[in-house]
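Heads up, the thing below is written out as structure tokens.
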Amino acid sequence: MSTAAPQPKANQGQPEPRIDARLKVTGGARYAADIPLSNLAYGVLVTSDIARGQVRSIDFEAAKATPGVLDIVSYGDMTGIEKPQFGSAYTSLGPLHDRTIWHDGQIMALVVADTFEAAQDAARKVKAEYEEQHPSGHFGSAGTETIPAKGHAQRPKENPSAGDFDGAFQSAPVKLEAEYRTPTQTHNPIELFSTTAYWTGKQLTICEPTQSLYGLRGEIARQFRMDPADVRVIAPYVGGGFGSKGPSTPRTAIVALAARRLNRPVRCVVSREQAYTTMPYRAPTRQRIRIGATPDGKITAFSHEGWELTSRIDNYAVAGTETTTRLYGYGSVASDVQLVKADRQTPAYMRSPPEVPYVFAVESALDELAYKLGMDPVELRRVNDTDREPIHGKPFTSRHLMACYDQAAQAFNWSARNPKPGSMRHGDWLIGMGCATAVYPTHIAPATARVRLRADGDVLVQSASQELGTGIRTVAGQMAAEQLGVSFDKVKVEMGDTELPPAPVSGGSNSTASVCSAVLKACQQIQERLFRAAVASNNGPLAGRNPADLAIRNGALVAKDGAAQKLPDVFALLGAGAVEEYAEFIPDGGPHDAVQKLYQGKLTMTGGPEGKKAKYAYGAEFVEVRINSRTREIRIPRLVGAFAAGRIMNTRTARSQLMGGLIWGMSAALFEATEIDERTARTINRDLQDYFVPVNADVQQVEVILLTEVDHEVNPAGVKGIGELGNVGTNAAVANAVFHATGKRLRQLPIRLEHFVA
Ligand code: MOS
């Protein structure tokens, strides 16, 4: 057992290596744009070089004259095709439906050619003339419009509040007020965005990396006014999504239309550069926190206000106040979220969309409060820990936040920290240590699965979930192996195709809980059939027993007293070589038509603060920074995180997820920002040369501690999501460590060397 595969404790699952590990490292795993097709044509997007205005004319002559060019899809060609629907699509913008330009790099055409090179060459020759209008790209830009998120955005449903904040804040002996800013960030999954489409008669097949196969199927069927059953979406593996591949995008219909016009398969792989403007991003935020407290650190008043940037045409909001107002036992609470509409494309989900920016503000503010009070930051969290969320007083299904702090603090050796800013040094390097809370709501969604067990013990699990690198194939397979009493190597898992039974979007960190709950249910149905056959037999070893007393282990049915019957013998009783069960899992309190909606690709995800009890996973993150006193270079030698997230299905994949989260948290704290030109509202840095992300040399020691947490209430699998837990809080832990190292409080991300130069 290595550190990469921590020894499972208590209810934790085995660190099975990923079921697709070999396929992936040998290049055998097929990604959507790798699927071979004959007679393939290649599409390249033409995008606008203004952010606001009208396309007066667009000249395709030179492009059309380029050898190999087959077709150009542009304005006027989308007749009969519906615009995308905001929600299932990240934007309601149908870029080719009319000539209005709403954002930089907006799609104006798709050039299709025999080869990728010809398409690219021709696309460059397209010339557009615009009637340009002055764009507003920033919070501060003249011409933006500010509206309340409540009543306008899909979220929030409310601005959570409790008690009399104003009164409590006013009378609080200690007050803190501070403003924080977070930048635009752009998803850069390793696998580029792409669509491949082909028609077989009236049936459309889409190969596209997506976090929601059925969601994409439903949305494309709606746009083309087709029966969803005539659309198939395939993505056997997805090379990272982080939210960007969750909702559908306008590109898919354009490529599908090109394929229909040419009656041949068309593939469009979007360049990294064009992804910065044709795909969504994490919206920048501004936030204000006000905290009132007693001298011993008890918070009596908490207010969190947020401003988020969105587009002119869609009111996307993350409204992380839903989580932050429930994070501690605050007493009275107030919150508000405003949307600032600008000439940008619509933002969308990025890994822990609400929590990452909003928890940065709260956890920075708590560190500021700790210093104001002369308190240890961990003790400040302890004083304000709670067993009920403060908005509606709901208990948590489980909450082990302080246990996370205690374990992480010990592993980090927090007690060796001298809290005085600037007091710890090593040669030229200023040492800083900071910590912060990680939190993520536990979501659950309806899911279906089909499981087949053969007499020889071979198992097949089928579910149209999406493997984004999270390990869902592996953990779904583990659940089946465990339930059907076979070894993991007997299990095969099929995912990534709408021909399989539907699973929810791989978003909101719901998949392990939802898909494993469906697999669990299908396996229980198989068990039931086998148990009933065994007890009903006339003279078998288990005849006449109570089915409830049976279990299935190591290829046999076993009773409590040790009597056993081998699987092939039970199958012989059934007169079958295999037993197959399809199961529909509907979460407690889910709508009666939850499964029907799932088939239509409509999301009914619930969790977090909803329901009788609040459901959250927690963690505590500790960061050491070193800042060179001469050059101000910032290094992070250590990241330690301890997490309590219900049942861990696989300690290896869980550690990997959380380690990735910590590293992304560091990345967001020190590196990432998409820069928008003030004058033109255009994206300046649009590739991995200028959009900074950490490299291996930036990542040193990363330690992940997996607490054992048994939670039977959260969902049948007992699992909380971890995919979006690890990168929450890290930003604040880094900023807090930077303050400890330097005495300089930085309330704006990313934190870069220039912020230390006067
Ligand atoms: Mo995740 S940002 O919910 O795909």
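Quick grid of which residues meet (1) farther than 30 Å from N418 by Cα; (2) open to solvent by 30 Å² or more (accessible area, probe 1.4 Å):
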| residue | (1), (2) |
| --- | --- |
| K566 | yes, yes |
| G575 | yes, yes |
| P587 | yes, no |
| E610 | yes, yes |
| K615 | yes, yes |
| E624 | no, no |
| A642 | no, no |
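This table checks each residue for (1) more than 25 Å from G320 (Cα to Cα); (2) outside the structural domain of W429 (by TED's automatic domain parsing).
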| residue | (1), (2) |
| --- | --- |
| L567 | yes, yes |
| G575 | yes, yes |
| E580 | yes, yes |
| P587 | no, yes |
| Y599 | yes, yes |
| A614 | no, no |
| I648 | yes, no |
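So is A480 touching a strand residue (DSSP E or B) at 6+ places or on another chain (Cβ under 9 Å) and either open to solvent by 20 Å² or more (accessible area, probe 1.4 Å) or away from the ligand (no atom under 16 Å from the Cβ) (or both) or not?
yes
Out of curiosity, is H187 touching a strand residue (DSSP E or B) at 6+ places or on another chain (Cβ under 9 Å), open to solvent by 50 Å² or more (accessible area, probe 1.4 Å), in a loop (DSSP other than H, G, I, E, B) and under 30 Å from A361 (Cβ atoms)?
No, not satisfied.
Would it be correct to say that A411 is surrounded by fewer than 20 Cβ atoms within 10 Å (Cβ to Cβ) and closer than 22 Å to D385 by Cα?
The answer is yes for A411.
Evaluate the stretch 673-682: report whether one residue or more is within 16 Å of the ligand (Cβ to nearest atom) and outside any loop (DSSP other than H, G, I, E, B).
Checked against the condition, which is being within 16 Å of the ligand (Cβ to nearest atom) and outside any loop (DSSP other than H, G, I, E, B), the stretch 673-682 yields no hits at all.
If I ask for residues that are touching a helix residue (DSSP H, G or I) at 6+ places or on another chain (Cβ under 6 Å) and either within 13 Å of I234 (Cβ to Cβ) or within 15 Å of the ligand (Cβ to nearest atom) (or both), which ones from the stretch 205-218 would you list?
Matches in the stretch 205-218: C207, E208, P209, T210, R217.
Could you check V112 against (1) at pLDDT below 95; (2) surrounded by 21 or more Cβ atoms within 10 Å (Cβ to Cβ) and say which number it fails?
V112 satisfies all of (1) at pLDDT below 95; (2) surrounded by 21 or more Cβ atoms within 10 Å (Cβ to Cβ) except (1).
Does the stretch 367-392 hold any residues that are within 28 Å of the chain's Cα centre (by Cα) and in a loop (DSSP other than H, G, I, E, B), and which are they?
D385, T386, D387, E389, P390, I391, H392
Here are some residues: M649, M659. Which one is in contact with a Gly (Cβ under 9 Å, 6 or more places away or on another chain) and either surrounded by fewer than 24 Cβ atoms within 10 Å (Cβ to Cβ) or among the small types (G, A, S) (or both)?
Being in contact with a Gly (Cβ under 9 Å, 6 or more places away or on another chain) and either surrounded by fewer than 24 Cβ atoms within 10 Å (Cβ to Cβ) or among the small types (G, A, S) (or both) holds for just one of M649, M659, which is M659.
How many residues does the stretch 199-217 hold that are of a type outside the set (K, R) and crowded, with 24+ Cβ neighbours inside 10 Å?
Of the residues in that region, 11 qualify.
For every residue, the table says whether it meets (1) open to solvent by 50 Å² or more (accessible area, probe 1.4 Å); (2) modelled with pLDDT of 95 or more; (3) within 17 Å of F585 (Cα to Cα); (4) not hydroxyl-bearing (S, T, Y).
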residue	(1), (2), (3), (4)
C523	no, yes, yes, yes
I526	no, yes, yes, yes
V535	no, yes, no, yes
N539	yes, no, no, yes
D549	yes, no, no, yes
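Yes/no matrix, rows are residues, columns are (1) assigned to a strand (DSSP E or B); (2) under 30 Å from H740 (Cβ atoms); (3) at pLDDT below 95:
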{"position": "L573", "(1), (2), (3)": "no, no, yes"}
{"position": "E581", "(1), (2), (3)": "yes, no, no"}
{"position": "G589", "(1), (2), (3)": "no, no, yes"}
{"position": "H592", "(1), (2), (3)": "no, no, yes"}
{"position": "L603", "(1), (2), (3)": "no, no, yes"}
{"position": "G611", "(1), (2), (3)": "no, no, yes"}
{"position": "Y618", "(1), (2), (3)": "yes, yes, no"}
{"position": "F622", "(1), (2), (3)": "yes, yes, no"}
{"position": "R626", "(1), (2), (3)": "yes, yes, no"}
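Applying the selection to the stretch 499-511, what residues are buried (at least 24 other Cβ atoms within 10 Å of the Cβ) and more than 13 Å from the ligand (Cβ to nearest atom)?
P502, A503
Within the stretch 340-383, how many residues turn out to be more than 16 Å from the ligand (Cβ to nearest atom) and under 24 Å from A275 (Cα atoms)?
Matching residues across the stretch 340-383 total 6.
Quick one: would you say M495 is aliphatic (A, V, I, L, M) and in contact with an Asp or Glu (Cβ under 6 Å, 6 or more places away or on another chain)?
Judged against the criteria, M495 is a match.
Evaluate the stretch 35-43: report whether one residue or more is over 25 Å from the mean Cα position of the chain (by Cα), farther than 25 Å from V238 by Cα, open to solvent by less than 10 Å² (accessible area, probe 1.4 Å) and touching a residue at least 60 places away in the same chain (Cβ under 8 Å).
No, the stretch 35-43 contains no residue that is over 25 Å from the mean Cα position of the chain (by Cα), farther than 25 Å from V238 by Cα, open to solvent by less than 10 Å² (accessible area, probe 1.4 Å) and touching a residue at least 60 places away in the same chain (Cβ under 8 Å).
Which one is nearest to Q85 (Cα to Cα), of the residues in the stretch 168-184 that are part of a loop (DSSP other than H, G, I, E, B) and away from the ligand (no atom under 16 Å from the Cβ)?
Looking at the filtered set, the residue picked out is P183.
When the residues of the stretch 22-34 are narrowed to those that are of a type in the set (G, A, S) and surrounded by 14 or more Cβ atoms within 10 Å (Cβ to Cβ), which ends up farthest from A476 (Cα to Cα)?
Restricting to residues being of a type in the set (G, A, S) and surrounded by 14 or more Cβ atoms within 10 Å (Cβ to Cβ), the top hit is A33.
Could you say which residue among G457, G432 is in contact (Cβ under 8 Å) with a residue 12 or more places away in the chain and either within 30 Å of V486 (Cα to Cα) or in the same structural domain as R529 (by TED's automatic domain parsing) (or both)?
G457
Among the residues of the stretch 433-451, is any closer than 28 Å to S364 by Cβ, touching a His at 6+ places or on another chain (Cβ under 9 Å) and crowded, with 23+ Cβ neighbours inside 10 Å?
yes
So how many residues does the stretch 301-331 have that are open to solvent by less than 10 Å² (accessible area, probe 1.4 Å) and farther than 30 Å from Q657 by Cα?
Within the stretch 301-331, residues that are open to solvent by less than 10 Å² (accessible area, probe 1.4 Å) and farther than 30 Å from Q657 by Cα number 6.
Take the residues in the stretch 662-699 that are closer than 24 Å to S364 by Cα, over 19 Å from the mean Cα position of the chain (by Cα) and among the aliphatic types (A, V, I, L, M), then tell me which one is least open to solvent (accessible area, probe 1.4 Å).
Step by step, filter the stretch 662-699, then rank; the result is L670.
The values are calculated or read from the model by the stated rules, or taken from the named source; none is laboratory data. Quick caveat: nothing in here was measured; it's all calculated off a predicted structure. Please note: Cβ atoms are built from the backbone with ideal geometry, for glycine as well, and neighbour counts cover all protein chains shown. Surface accessibility is based on the protein's heavy atoms, side chains included, excluding ligands, DNA and RNA. Shrake-Rupley method; radii C 1.70, N 1.55, O 1.52, S 1.80 Å.
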